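Asks: Quick one: the structure is below, and I'll ask about it shortly.
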Amino acid sequence: MEPRQGHAPIRARPFVLLRPVRGKERRMPDMQEFVPYEETLLYRIRHSAAHVMAQAVREIYPDVRFAIGPPIENGFYYDFDLGRDEAGAQRHFTEEDLEQIEKRMREIIKGKHRFAYKEVSAEEAKKLFTGQPYKIELIEGLERGEVDEYGNEVKTRPVISTYTQDTFEDLCRGPHVEHTGQIPANAFKLLSIAGAYWRGDENNPQLDRLYGTAWEKKEDLDKYIELLEEARKRDHRKLGRDLEIFIFDDEVGPGLPLWLPNGGVLIEQLEAFAKEVEERAGYVRVRTPHLTKEDLFLRSGHLPYYAESMYPPMELEGVRYYVKPMNCPMHHKIFGSKPRSYRDLPLRLAEYGTCYRFERSGELFGLMRVRSMQMNDAHIYCSVEQFEQEFMGVIALYHQYFKVFNIDRYVMRFSTHHRRGLGKKYVNNEDLWVQTEEMVRRVMTNGNVPFVEVPDEAAFYGPKIDVQIWSATGREFTLATNQVDFAQPPRFDLTYVSAEGKDETPLCIHRAPLSTHERMIGFLIEHYAGAFPAWLAPQQVSIIPIADRHLDYTRQVERRLRDAGLRAEVNDSSDRMGNKIRKAQAMKIPYMLVVGDREMEENAVALRMRSGEDRGAIPVEEFVAYATGVVREKQYE
RNA sequence: GCCAUCCUAGCUCAAUUGGCAGAGCAGGCGCUUCGUAAGCGUCAGGUUAUGGGUUCAAGUCCCAUGGAUGGCUCCA
């Protein structure tokens with residue numbers, strides 16, 4: 001996969017990058033780059049552009065109230081509260097405002113106004129920002145020395161400072177460029193208007209956020225715009241439709257994908273692969289229903305924590321049933337279905353389970369975030385002594401899969417609990433949290449697996465290792481997950497008899513290395529830009545007769561390839577050869593076999609690769625051996 | 001769910017800003033039988049997302065609903 005961005009200095013230290021500041025700030029780290037973003041010129045340019053934008057906004061909306069305006073990856077934003085109009089309705093920016101603001105920003109830049117730094121006392125600061133409630137709140141936070149502008153805790157009491165350029169003074173710790181003239185007037189652009197909650201809390205008022213991008217020079221801006229366009233072409237939502245992999249239908253409902261035949265092939269191939277790998281790794285397959293009684297989810301502890309993301313229950317003969325949002329409780333039931341001995345452990349129950357989760361409408365995102373999904377799920381029941389080996393076994397599976405898919409742009413995130421969530425987001429047993437987290441930390445460290453630790457991202461029943469990936473358009477998702485569960489086995493009274501003849505409670509590892517079909521395929525479409533390796537490609541071979549007299553022969557070739565297990569089809573349309581090739585290319589079919597008089601004569605086919613490479617005529621049997629080999633070995637050409 | 005924007009044929013997009021809904025690609029049919037990314041012709045395809053309103057007249061203006069997109073929030 002191409003680096004998403006190779007030309008901009010970005011934050012390098014994962015701990016800085018992935019600090020839990022939410023949203024856009026989290027990004028794929030580039031391990032090659034060691035200059036902290038905060039220390040780059042680009043950071044100053046973007047930060048300064050945000051201030052200039054704020055000044056321009058105030059000139060249009062004099063009674064605007066300012067929130068915060070930091071540099072971010074690729075640009076900057078500023079949050080504003082435009083107040084209410086005469087009718088009492090909240091005012092918002094319009095598209096025309098954007099143009100006007102951008103124009104005004106260029107004028108301010110031309111003025112070469114100095115950015116003047118000033119330290120102030122909290123008292124002075126509050127006086128300076130009279131009538132600016134958000135700034136006052138920030139100052140009070142700084143005064144108490146508790147939180148920074150994002151609401152994150154800080155250790156030391158910071159200095160309160162302001163920067164002034166031209167007529168505009170803003171609460172700010174910098175740094176900035178020396179004067180507005182150092183912001184390249186032709187290398188920035190305002191991008192969009194968005195709503196954003198004050199301090200990222202949906203219970204707070206929603207502000208108007210203006211996003212902009214800024215670069216050191218125009219060519220960088222142009223490159224960035226081009227990059228965005230390239231990303232759009234790679235977007236699985238576009239490719240999914242063009243390549244006829246899946247659709248969404250209004251009448252079916254949002255977040256409920258319909259898999260077209262091509263998508264069906266992808267699913268079948270992934271499942272066959274998973275089955276093969278899991279069987280070798282000692283998993284056994286189970287199958288469980290889509291529905292269960294409410295009691296099961298009360299027992300598992302899901303209902304009190306996650307009822308909001310579950311579809312509402314249906315009541316039948318006085319009993320409430322839920323569509324399952326996960327498979328674990330049923331697997332627990334299978335574990336508990338008979339007495340277990342330590343000799344049964346580890347027991348690895350696998351199922352590509354079909355789950356339904358109610359995601360709020362605005363949270364849906366193509367295949368990456370859906371309401372119906374099929375998980376590459378399994379639950380491993382093991383003793384504490386077996387934990388390390390089992391946990392590492394799962395990490396090894398990840399690596400095995402990722403190697404086959406050539407996935408290398410990811411971050412393993414160690415998601416731990418946070419004290420403030422105990423009893424709410426998390427099972428209330430801090431000792432067990434600390435203990436299992438230490439266990440995972442040790443296992444990962446011993447196994448030499450790089451990871452970043454992020455507090456307050458755990459599952460409600462235990463810590464986990466998530467594999468974080470980025471969509472073509474830059475959104476972060478958890479692809480695979482490997483979770484420790486110390487809470488559910490006791491809730492289900494799961495036990496096994498130890499060698500000493502005592503009842504012990506097993507640990508449970510929840511794992512989904514291949515994610516869900518939805519997210520995995522969404523990711524793979526973008527990862528391969530639709531050009532799947534042959535083993536996954538919905539159609540592997542397009543057989544192209546040059547003229548109708550070659551039709552019979554191509555049908556024989558088709559028969560031979562299908563017998564060999566290849567997904568091949570003759571293009572028998574009245575198109576000319578060139579157009580048949582063009583259509584096969586558009587569908588990103590790995591192999592095109594052109595057949596004319598010469599090939600027919602020699603029982604051969606002329607092999608054209610998806611890359612455009614012409615490999616010339618080869619015997620049919622040679623192609624069969626070659627293609628089946630590539631498929632068998634899951635090679636990516 | 002919240003804020004903003006958008007919704008015209010399967011896809012990509014037009015329609016002189018309130019005055020006869022159109023093109024390319026894709027599809028059907030016919031002709032063409034061709035050597036590595038677009039052969040020619042022809043036909044069909046639409047209650048302009050849905051419902052209501054304003055108007056002599058609505059794809060265009062207003063309201064509601066649905067869906068999508070960019071963010072925010074959320075993400076077991």
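The values are calculated or read from the model by the stated rules, or taken from the named source; none is laboratory data. Since the model is a prediction, treat every value here as computed from it, not as a measurement. Positions of Cβ are generated from backbone atoms using ideal geometry, with glycine treated the same way; all protein chains shown enter the neighbour counts. SASA here: full protein model, heavy atoms, side chains in, ligands and nucleic acids out. Shrake-Rupley method; radii C 1.70, N 1.55, O 1.52, S 1.80 Å.
Asks: Looking only at the stretch A:84-117, count every residue that is at pLDDT below 90 and either within 30 Å of A:Arg144 (Cα to Cα) or not assigned by TED's automatic domain parsing to the domain that holds A:Arg65 (or both) and tell me the total.
Replies: Counting residues in the stretch A:84-117 that are at pLDDT below 90 and either within 30 Å of A:Arg144 (Cα to Cα) or not assigned by TED's automatic domain parsing to the domain that holds A:Arg65 (or both) gives 0.
Asks: Further question on the same structure: Does A:Pro261 count as over 30 Å from A:Gly75 (Cβ atoms), open to solvent by less than 70 Å² (accessible area, probe 1.4 Å) and not polar (S, T, N, Q)?
Replies: no
Each row is one residue, and each column tells you yes or no for (1) surrounded by fewer than 16 Cβ atoms within 10 Å (Cβ to Cβ); (2) more than 14 Å from RNA strand B (Cβ to nearest atom); (3) aromatic (Phe, Trp, Tyr).
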residue	(1), (2), (3)
A:Ile525	no, no, no
A:Ala531	no, no, no
A:Arg549	yes, no, no
A:Arg555	yes, yes, no
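Asks: Starting from the stretch A:582-608, keep only residues that are farther than 19 Å from A:Asp572 by Cβ, then list their pairs with residues that are near RNA strand B (Cβ under 8 Å from one of its atoms) and among the charged types (D, E, K, R) whose Cβ atoms are within a distance under 8 Å, requiring at least 6 positions of separation or different chains.
Replies: A:Lys588/A:Arg610; A:Pro590/A:Arg610; A:Ala604/A:Arg598; A:Leu607/A:Asp614
Asks: Name the residue, out of A:Ala604, A:Ala586, that is hydrophobic (A, V, I, L, M, F, W, C), within 12 Å of RNA strand B (Cβ to nearest atom) and either assigned by TED's automatic domain parsing to the domain that holds A:Gln269 or surrounded by fewer than 20 Cβ atoms within 10 Å (Cβ to Cβ) (or both).
Replies: Of the residues listed, the single one that is hydrophobic (A, V, I, L, M, F, W, C), within 12 Å of RNA strand B (Cβ to nearest atom) and either assigned by TED's automatic domain parsing to the domain that holds A:Gln269 or surrounded by fewer than 20 Cβ atoms within 10 Å (Cβ to Cβ) (or both) is A:Ala586.
Asks: Hey, another quick one. Could you count how many residues in the stretch A:102-124 are under 23 Å from A:Glu59 (Cβ atoms) and part of a helix (DSSP H, G or I)?
Replies: Looking only at that region, the number is 9.
Asks: Restricting to the stretch A:508-548, count the residues that are touching a residue at least 12 places away in the same chain (Cβ under 8 Å), closer than 19 Å to A:Asp597 by Cα and not β-branched (Val, Ile, Thr).
Replies: Total meeting the criteria: 3.
Asks: Take the conditions assigned to a loop (DSSP other than H, G, I, E, B) and either within 16 Å of RNA strand B (Cβ to nearest atom) or in contact with a Gly (Cβ under 6 Å, 6 or more places away or on another chain) (or both) and apply them to A:Thr292. Does it pass?
Replies: Against the criterion (assigned to a loop (DSSP other than H, G, I, E, B) and either within 16 Å of RNA strand B (Cβ to nearest atom) or in contact with a Gly (Cβ under 6 Å, 6 or more places away or on another chain) (or both)), A:Thr292 does not qualify.
Asks: Continuing with the same structure: Scan A:Leu266, A:Leu207 and give me the residue that is surrounded by 13 or more Cβ atoms within 10 Å (Cβ to Cβ) and outside the structural domain of A:Arg475 (by TED's automatic domain parsing).
Replies: A:Leu207
Asks: To continue, here is another question. What do you reckon, is A:Ser309 among the polar types (S, T, N, Q), over 21 Å from the mean Cα position of the chain (by Cα) and open to solvent by 10 Å² or more (accessible area, probe 1.4 Å)?
Replies: no
Asks: Six or more apart or on different chains, Cβ atoms under 7 Å: show the pairs whose first residue is in the stretch A:558-576 and open to solvent by 80 Å² or more (accessible area, probe 1.4 Å) and whose second is part of a helix (DSSP H, G or I) and of a type in the set (Val, Ile, Thr).
Replies: Correct list of pairs: A:Arg560/A:Val620; A:Arg560/A:Val624.
Asks: Residue check, A:Ala604 against (1) within 19 Å of A:Leu243 (Cβ to Cβ); (2) small (Gly, Ala, Ser); (3) touching a strand residue (DSSP E or B) at 6+ places or on another chain (Cβ under 6 Å), all met but one. Which one?
Replies: (1)
Asks: What about A:Tyr78, is it within 15 Å of RNA strand B (Cβ to nearest atom), open to solvent by 20 Å² or more (accessible area, probe 1.4 Å) and of a type in the set (Phe, Trp, Tyr)?
Replies: For A:Tyr78, the condition - within 15 Å of RNA strand B (Cβ to nearest atom), open to solvent by 20 Å² or more (accessible area, probe 1.4 Å) and of a type in the set (Phe, Trp, Tyr) - is not met.
Asks: I'd like the residue in the stretch A:523-534 that is of a type outside the set (Ser, Thr, Tyr) and out of contact with any Asp or Glu (no Cβ under 8 Å at 6 or more places or on another chain) and, out of all such residues, is farthest from A:Met587 (Cα to Cα).
Replies: A:Phe523
Asks: State which residue is modelled with the highest pLDDT when the search covers only the stretch A:443-479 and only residues that are at positive phi and either crowded, with 18+ Cβ neighbours inside 10 Å or within 11 Å of RNA strand B (Cβ to nearest atom) (or both).
Replies: Going through the qualifying residues, I end up with A:Gly462.
Asks: Open to solvent by 10 Å² or more (accessible area, probe 1.4 Å) and either touching a residue at least 24 places away in the same chain (Cβ under 8 Å) or within 16 Å of RNA strand B (Cβ to nearest atom) (or both): which single residue out of A:Asp485, A:Asp493 fits that description?
Replies: Of A:Asp485, A:Asp493, the one residue that is open to solvent by 10 Å² or more (accessible area, probe 1.4 Å) and either touching a residue at least 24 places away in the same chain (Cβ under 8 Å) or within 16 Å of RNA strand B (Cβ to nearest atom) (or both) is A:Asp493.
Asks: State whether the residues of the stretch A:333-352 include one that is touching a Lys or Arg at 6+ places or on another chain (Cβ under 8 Å), open to solvent by 60 Å² or more (accessible area, probe 1.4 Å) and either at pLDDT 95 or above or not in a helix (DSSP H, G or I) (or both).
Replies: no
Asks: Would you check if A:Ile509 is under 21 Å from A:Arg441 (Cβ atoms), open to solvent by less than 20 Å² (accessible area, probe 1.4 Å) and either away from RNA strand B (no atom under 13 Å from the Cβ) or in contact with an Asp or Glu (Cβ under 7 Å, 6 or more places away or on another chain) (or both)?
Replies: Here the answer is yes, as A:Ile509 does meet what is asked.
Asks: Same structure again: Just name the residue that is nearest to RNA strand B (Cβ to nearest atom) out of those in the stretch A:609-637 that are open to solvent by less than 60 Å² (accessible area, probe 1.4 Å) and of a type in the set (D, E, K, R).
Replies: Within the stretch A:609-637, the match that is nearest to RNA strand B (Cβ to nearest atom) is A:Arg610.
Asks: A further question follows. Within the stretch A:194-237, can you find the residues that are more than 30 Å from A:Ala67 (Cα to Cα), more than 7 Å from RNA strand B (Cβ to nearest atom) and basic (Lys, Arg)?
Replies: Matches in the stretch A:194-237: A:Lys223, A:Arg232, A:Lys233, A:Arg234.
Asks: Moving on. For the stretch A:408-433, give me the residue count where each residue is within 9 Å of A:Ala458 (Cβ to Cβ) and surrounded by fewer than 17 Cβ atoms within 10 Å (Cβ to Cβ).
Replies: Here the count works out to 3.
Asks: Something else now. Considering the stretch A:362-376 alone, what residues qualify as being open to solvent by less than 10 Å² (accessible area, probe 1.4 Å) and more than 10 Å from RNA strand B (Cβ to nearest atom)?
Replies: A:Asn376
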